Amino acid sequence: MDTKELLKKVRKIEIKTRRLSDHIFSGEYHTSFKGRGMTFSEVRQYQYGDDIRAIDWNVTARYNEPYVKVFEEERELTMMLMVDVSGSESFGTQKHLKKEIVTEIAATLAFSATQNNDKIGLILFSDQIELFIPPKKGKSHVLRIIREMIEYQPKSTRTDITVALEFLSSIQKKKAIVFLVSDFMTQDYEHALKIASKKHDITGIRIFDKREEELPKLGLVPMLDAETNELKLINTNSEKVRMAYGKNYHAKVAYFQSTFSRCGAGTVQSRVDESYVKKLLSYFKSR
(Lines give C-alpha, C1' and ligand atoms only; values in the text may rest on other atoms or scores of the structure.)
Protein backbone atom coordinates (compact mmCIF):
# COMPACT_ATOMS: atom_id res chain seq x y z
CA MET A 1 0.00 0.00 0.00
CA ASP A 2 1.52 3.33 -1.03
CA THR A 3 1.65 6.33 1.31
CA LYS A 4 -1.15 8.23 -0.42
CA GLU A 5 -3.57 5.29 -0.22
CA LEU A 6 -2.61 4.63 3.41
CA LEU A 7 -3.23 8.24 4.44
CA LYS A 8 -6.58 8.18 2.64
CA LYS A 9 -7.64 5.08 4.59
CA VAL A 10 -6.44 6.55 7.89
CA ARG A 11 -8.33 9.78 7.22
CA LYS A 12 -11.53 7.89 6.35
CA ILE A 13 -11.38 5.89 9.58
CA GLU A 14 -10.50 9.01 11.59
CA ILE A 15 -13.52 10.94 10.31
CA LYS A 16 -15.95 8.11 11.04
CA THR A 17 -14.62 7.03 14.42
CA ARG A 18 -13.93 10.52 15.79
CA ARG A 19 -17.51 11.50 15.11
CA LEU A 20 -18.69 8.44 17.04
CA SER A 21 -16.33 9.03 19.95
CA ASP A 22 -17.03 12.79 20.13
CA HIS A 23 -20.82 12.57 20.07
CA ILE A 24 -21.61 9.14 21.49
CA PHE A 25 -18.86 7.34 23.34
CA SER A 26 -16.80 9.90 25.24
CA GLY A 27 -19.42 10.47 27.94
CA GLU A 28 -20.28 6.79 28.23
CA TYR A 29 -16.59 5.86 28.37
CA HIS A 30 -15.95 8.42 31.11
CA THR A 31 -18.89 7.13 33.16
CA SER A 32 -18.04 3.45 32.65
CA PHE A 33 -14.35 3.57 33.49
CA LYS A 34 -13.47 5.36 36.69
CA GLY A 35 -10.16 6.88 37.76
CA ARG A 36 -7.90 5.45 40.44
CA GLY A 37 -9.70 7.18 43.30
CA MET A 38 -9.91 10.61 44.92
CA THR A 39 -6.96 12.95 45.09
CA PHE A 40 -6.53 16.19 47.09
CA SER A 41 -7.30 19.32 45.08
CA GLU A 42 -7.42 22.40 47.35
CA VAL A 43 -8.51 23.93 50.64
CA ARG A 44 -11.37 26.45 50.71
CA GLN A 45 -13.59 28.15 53.25
CA TYR A 46 -16.40 26.10 54.75
CA GLN A 47 -19.78 26.58 53.09
CA TYR A 48 -23.21 25.67 54.40
CA GLY A 49 -23.91 22.02 53.58
CA ASP A 50 -20.26 20.89 53.47
CA ASP A 51 -19.47 17.59 55.18
CA ILE A 52 -17.87 18.42 58.56
CA ARG A 53 -15.62 15.36 58.11
CA ALA A 54 -13.83 17.30 55.35
CA ILE A 55 -12.76 20.13 57.71
CA ASP A 56 -9.00 20.75 57.69
CA TRP A 57 -8.43 21.39 61.39
CA ASN A 58 -4.87 22.69 60.97
CA VAL A 59 -5.89 25.40 58.50
CA THR A 60 -9.04 26.14 60.52
CA ALA A 61 -6.94 26.73 63.66
CA ARG A 62 -4.49 28.93 61.77
CA TYR A 63 -7.15 31.27 60.33
CA ASN A 64 -9.66 30.93 63.16
CA GLU A 65 -12.49 30.07 60.77
CA PRO A 66 -13.50 26.71 59.22
CA TYR A 67 -11.80 25.45 56.06
CA VAL A 68 -12.49 22.19 54.24
CA LYS A 69 -10.37 19.94 52.02
CA VAL A 70 -11.65 19.50 48.46
CA PHE A 71 -11.01 16.25 46.63
CA GLU A 72 -11.54 15.32 42.99
CA GLU A 73 -11.44 12.10 41.01
CA GLU A 74 -7.97 11.17 39.80
CA ARG A 75 -9.14 10.72 36.25
CA GLU A 76 -6.08 9.84 34.20
CA LEU A 77 -6.18 6.25 32.99
CA THR A 78 -4.26 4.06 30.59
CA MET A 79 -6.10 2.16 27.86
CA MET A 80 -4.41 -0.85 26.29
CA LEU A 81 -5.75 -2.09 22.95
CA MET A 82 -4.85 -5.74 22.37
CA VAL A 83 -5.63 -6.62 18.76
CA ASP A 84 -5.53 -10.07 17.15
CA VAL A 85 -3.82 -9.91 13.73
CA SER A 86 -3.76 -13.65 12.99
CA GLY A 87 -4.85 -15.10 9.65
CA SER A 88 -8.50 -15.66 10.59
CA GLU A 89 -9.03 -11.89 10.98
CA SER A 90 -8.77 -11.54 7.18
CA PHE A 91 -11.99 -13.52 6.71
CA GLY A 92 -15.19 -11.81 5.56
CA THR A 93 -18.25 -12.64 3.46
CA GLN A 94 -20.22 -9.45 4.06
CA LYS A 95 -19.24 -5.86 3.21
CA HIS A 96 -16.23 -5.91 5.54
CA LEU A 97 -13.43 -8.19 6.63
CA LYS A 98 -13.23 -8.85 10.36
CA LYS A 99 -9.98 -6.92 10.62
CA GLU A 100 -11.60 -3.79 9.12
CA ILE A 101 -14.28 -3.76 11.84
CA VAL A 102 -11.61 -4.48 14.46
CA THR A 103 -9.68 -1.40 13.29
CA GLU A 104 -12.79 0.81 13.46
CA ILE A 105 -13.67 -0.37 16.96
CA ALA A 106 -10.11 0.13 18.22
CA ALA A 107 -9.99 3.63 16.68
CA THR A 108 -13.34 4.59 18.24
CA LEU A 109 -12.18 3.44 21.68
CA ALA A 110 -8.85 5.24 21.27
CA PHE A 111 -10.47 8.56 20.36
CA SER A 112 -12.89 8.16 23.30
CA ALA A 113 -9.91 7.74 25.63
CA THR A 114 -8.23 10.78 24.07
CA GLN A 115 -11.35 12.86 24.84
CA ASN A 116 -10.72 12.02 28.50
CA ASN A 117 -6.99 12.80 28.28
CA ASP A 118 -6.07 9.15 28.89
CA LYS A 119 -3.04 7.34 27.53
CA ILE A 120 -3.49 4.70 24.82
CA GLY A 121 -1.18 1.78 24.07
CA LEU A 122 -1.34 -0.95 21.41
CA ILE A 123 -0.39 -4.63 21.35
CA LEU A 124 -0.74 -6.45 18.03
CA PHE A 125 -0.48 -10.21 18.48
CA SER A 126 -0.74 -13.54 16.65
CA ASP A 127 0.91 -16.48 18.41
CA GLN A 128 3.66 -13.98 19.25
CA ILE A 129 3.86 -10.28 20.04
CA GLU A 130 3.90 -8.66 16.62
CA LEU A 131 4.06 -5.01 17.69
CA PHE A 132 3.98 -3.03 20.93
CA ILE A 133 3.37 0.72 21.05
CA PRO A 134 3.75 2.06 24.63
CA PRO A 135 0.89 4.15 26.07
CA LYS A 136 0.93 7.82 25.17
CA LYS A 137 -1.53 10.71 24.83
CA GLY A 138 -2.62 12.77 21.84
CA LYS A 139 -4.31 12.68 18.46
CA SER A 140 -1.09 12.09 16.52
CA HIS A 141 -0.43 9.01 18.67
CA VAL A 142 -3.92 7.64 17.93
CA LEU A 143 -3.37 8.21 14.20
CA ARG A 144 -0.13 6.23 14.43
CA ILE A 145 -2.04 3.37 16.07
CA ILE A 146 -4.61 3.41 13.24
CA ARG A 147 -1.84 3.43 10.61
CA GLU A 148 -0.18 0.40 12.19
CA MET A 149 -3.45 -1.55 12.35
CA ILE A 150 -4.08 -0.88 8.65
CA GLU A 151 -0.56 -1.38 7.33
CA TYR A 152 1.13 -3.92 9.61
CA GLN A 153 1.99 -7.28 8.02
CA PRO A 154 2.04 -10.03 10.69
CA LYS A 155 4.95 -12.46 10.82
CA SER A 156 2.68 -15.32 11.87
CA THR A 157 -0.85 -16.39 10.90
CA ARG A 158 -1.61 -18.36 14.10
CA THR A 159 -3.27 -17.25 17.36
CA ASP A 160 -2.20 -17.52 21.00
CA ILE A 161 -4.12 -15.28 23.39
CA THR A 162 -2.11 -16.55 26.37
CA VAL A 163 1.08 -15.06 24.89
CA ALA A 164 -0.64 -11.68 24.56
CA LEU A 165 -2.04 -11.69 28.11
CA GLU A 166 1.29 -12.74 29.63
CA PHE A 167 3.02 -9.91 27.76
CA LEU A 168 0.42 -7.44 29.06
CA SER A 169 1.04 -8.59 32.64
CA SER A 170 4.79 -8.20 32.20
CA ILE A 171 4.82 -4.67 30.73
CA GLN A 172 1.79 -2.96 32.33
CA LYS A 173 2.38 -2.75 36.07
CA LYS A 174 -0.34 -0.19 36.89
CA LYS A 175 -4.04 -0.87 36.42
CA ALA A 176 -5.23 -0.30 32.84
CA ILE A 177 -8.47 -0.41 30.88
CA VAL A 178 -7.87 -3.30 28.47
CA PHE A 179 -9.84 -4.14 25.33
CA LEU A 180 -8.89 -7.52 23.87
CA VAL A 181 -10.26 -7.63 20.31
CA SER A 182 -10.31 -10.97 18.49
CA ASP A 183 -12.56 -13.62 16.95
CA PHE A 184 -11.49 -15.86 19.86
CA MET A 185 -11.27 -18.95 17.67
CA THR A 186 -8.91 -20.52 20.17
CA GLN A 187 -8.99 -21.86 23.73
CA ASP A 188 -6.76 -22.54 26.76
CA TYR A 189 -6.19 -18.93 27.84
CA GLU A 190 -8.14 -18.98 31.12
CA HIS A 191 -5.12 -19.08 33.45
CA ALA A 192 -3.45 -16.06 31.81
CA LEU A 193 -6.76 -14.15 31.75
CA LYS A 194 -7.37 -14.86 35.44
CA ILE A 195 -3.97 -13.38 36.38
CA ALA A 196 -4.32 -10.32 34.11
CA SER A 197 -7.91 -9.56 35.18
CA LYS A 198 -6.91 -9.37 38.86
CA LYS A 199 -4.92 -6.23 38.04
CA HIS A 200 -6.65 -4.79 34.96
CA ASP A 201 -10.20 -3.98 33.87
CA ILE A 202 -10.48 -6.30 30.85
CA THR A 203 -13.16 -6.50 28.16
CA GLY A 204 -13.12 -9.11 25.42
CA ILE A 205 -14.63 -7.93 22.12
CA ARG A 206 -15.46 -10.86 19.82
CA ILE A 207 -15.88 -10.00 16.12
CA PHE A 208 -17.27 -12.68 13.84
CA ASP A 209 -18.85 -13.32 10.44
CA LYS A 210 -22.24 -15.03 10.16
CA ARG A 211 -20.80 -17.54 7.66
CA GLU A 212 -18.54 -18.85 10.41
CA GLU A 213 -21.46 -19.97 12.56
CA GLU A 214 -22.51 -22.90 10.38
CA LEU A 215 -21.29 -24.75 7.30
CA PRO A 216 -23.64 -24.38 4.29
CA LYS A 217 -24.45 -27.32 1.98
CA LEU A 218 -22.33 -26.61 -1.09
CA GLY A 219 -21.02 -30.05 -1.99
CA LEU A 220 -17.28 -30.74 -2.19
CA VAL A 221 -15.49 -27.47 -1.39
CA PRO A 222 -11.73 -26.81 -1.15
CA MET A 223 -11.11 -24.90 2.09
CA LEU A 224 -7.98 -23.14 3.26
CA ASP A 225 -7.24 -22.81 6.96
CA ALA A 226 -6.18 -19.14 7.28
CA GLU A 227 -3.98 -19.88 10.28
CA THR A 228 -2.21 -23.10 9.21
CA ASN A 229 -2.41 -22.58 5.40
CA GLU A 230 -3.62 -26.18 5.15
CA LEU A 231 -5.87 -26.87 2.15
CA LYS A 232 -8.54 -29.56 2.50
CA LEU A 233 -11.41 -30.83 0.36
CA ILE A 234 -14.54 -30.74 2.56
CA ASN A 235 -17.81 -32.53 1.81
CA THR A 236 -20.28 -29.91 3.03
CA ASN A 237 -23.24 -32.13 2.06
CA SER A 238 -22.32 -34.47 4.91
CA GLU A 239 -24.50 -33.82 7.97
CA LYS A 240 -21.81 -35.36 10.17
CA VAL A 241 -19.21 -32.90 8.85
CA ARG A 242 -21.54 -29.92 9.32
CA MET A 243 -22.43 -31.00 12.86
CA ALA A 244 -18.76 -31.46 13.79
CA TYR A 245 -17.97 -28.01 12.40
CA GLY A 246 -20.84 -26.40 14.34
CA LYS A 247 -19.90 -28.22 17.54
CA ASN A 248 -16.29 -27.03 17.31
CA TYR A 249 -17.30 -23.42 16.56
CA HIS A 250 -19.87 -23.15 19.34
CA ALA A 251 -17.50 -24.78 21.85
CA LYS A 252 -15.02 -21.96 21.29
CA VAL A 253 -17.74 -19.31 21.63
CA ALA A 254 -18.98 -20.92 24.86
CA TYR A 255 -15.40 -21.08 26.17
CA PHE A 256 -14.98 -17.34 25.48
CA GLN A 257 -18.21 -16.45 27.28
CA SER A 258 -17.72 -18.69 30.33
CA THR A 259 -14.01 -17.96 30.74
CA PHE A 260 -14.40 -14.18 30.69
CA SER A 261 -17.36 -14.46 33.08
CA ARG A 262 -15.42 -16.63 35.56
CA CYS A 263 -12.48 -14.22 35.47
CA GLY A 264 -14.70 -11.19 36.15
CA ALA A 265 -14.02 -9.67 32.72
CA GLY A 266 -16.61 -8.07 30.41
CA THR A 267 -17.63 -9.27 26.95
CA VAL A 268 -19.01 -7.71 23.78
CA GLN A 269 -19.94 -9.75 20.70
CA SER A 270 -20.61 -8.16 17.33
CA ARG A 271 -21.07 -9.64 13.86
CA VAL A 272 -19.38 -7.73 11.03
CA ASP A 273 -22.76 -6.88 9.48
CA GLU A 274 -24.20 -5.59 12.80
CA SER A 275 -23.82 -2.17 14.40
CA TYR A 276 -20.88 -2.34 16.78
CA VAL A 277 -21.94 1.13 17.94
CA LYS A 278 -25.12 -0.24 19.53
CA LYS A 279 -23.22 -3.17 21.06
CA LEU A 280 -20.59 -0.94 22.68
CA LEU A 281 -23.11 1.59 23.92
CA SER A 282 -25.23 -1.16 25.46
CA TYR A 283 -22.13 -2.57 27.16
CA PHE A 284 -21.00 0.79 28.56
CA LYS A 285 -24.47 1.53 29.92
CA SER A 286 -24.72 -1.87 31.59
CA ARG A 287 -21.52 -1.39 33.59
Q | region 47-169, accessible surface, carbon-and-sulfur percent (1.4 angstrom probe) | A | 48 percent
Q: Measure off, as a whole percent, the carbon and sulfur share of the 1.4 Å-probe accessible area of region 177-226, all protein chains present.
A: 51 percent
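Of all the stretches in the chain, which is the longest one without any exposed loop site, taking GluC sites (Glu not before Pro) in a DSSP loop (any state but H, G, I, E, B) with at most 15 other Cβ atoms within 10 Å? Could you put the intermediate results ahead of the total?
Working: sites that count: Glu74, Glu76, Glu213, Glu214, Glu230, Glu274.
Longest site-free region, per DSSP loop and neighbour criteria: 77-212.
Summing +1 for each Lys or Arg and -1 for each Asp or Glu, what net charge is found among the other residues whose Cβ lies under 14 Å from the Cβ of Ser21?
On the way: positive: Lys16, Arg18, Arg19, Lys139; negative: Glu14, Asp22, Glu28, Glu104, Asp118.
In short, -1.
Report, for the chain, the % of DSSP beta bridges that are antiparallel, rounded to 5.
Details: 18 of 42 bridges.
Within the chain, antiparallel bridges account for around 45 percent of the total.
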Q) Quick one: net charge of Arg44's neighbours, Cβ under 11 Å, K/R +1, D/E -1? A) -2
Q: Mind pulling the per residue volume of the convex hull built on the Cα atoms of the chain? Å³ is fine.
A: 160 Å³
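When all alpha-carbon pairs of region 118-228 are counted, what percent fall beyond 16 Å? List each step's numbers first, then the result.
Values: 4042 of 6105 pairs.
When every Cα pair of region 118-228 is considered, 66 percent fall beyond 16 Å.
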Q | Accessible area of region 109-255 divided out per residue, in Å², using a probe of 1.4 angstrom | A | 50 Å²
Q: Grab the DSSP H runs of the chain that are 4 residues or longer, score each as -39,500 (n - 2.57), total them, divide by all residues and round the 222 nm result to the nearest 500 deg cm²/dmol.
A: -13000 deg cm²/dmol
Q) For Cys263, what charge total do you get from the other residues with a beta carbon under 10 Å from its beta carbon, if Lys and Arg give +1 and Asp and Glu give -1? A) +2
(Q) How large is the accessible surface of Arg271 in square angstrom, using a 1.4 angstrom probe and rounding to the nearest 10? (A) 60 Å²
Q. Dimensions of region 217-280 along principal axes (Cα, Å, largest first)?
A. 41, 26, 24
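The values are calculated or read from the model by the stated rules, or taken from the named source; none is laboratory data. Source: prediction; values computed, not measured. In this analysis, Cβ positions are derived from the backbone assuming ideal geometry, glycine residues included, and neighbour counts consider all displayed protein chains. The area values use the complete protein model at the heavy-atom level, side chains included, leaving out ligands, DNA and RNA. Shrake-Rupley method; radii C 1.70, N 1.55, O 1.52, S 1.80 Å.
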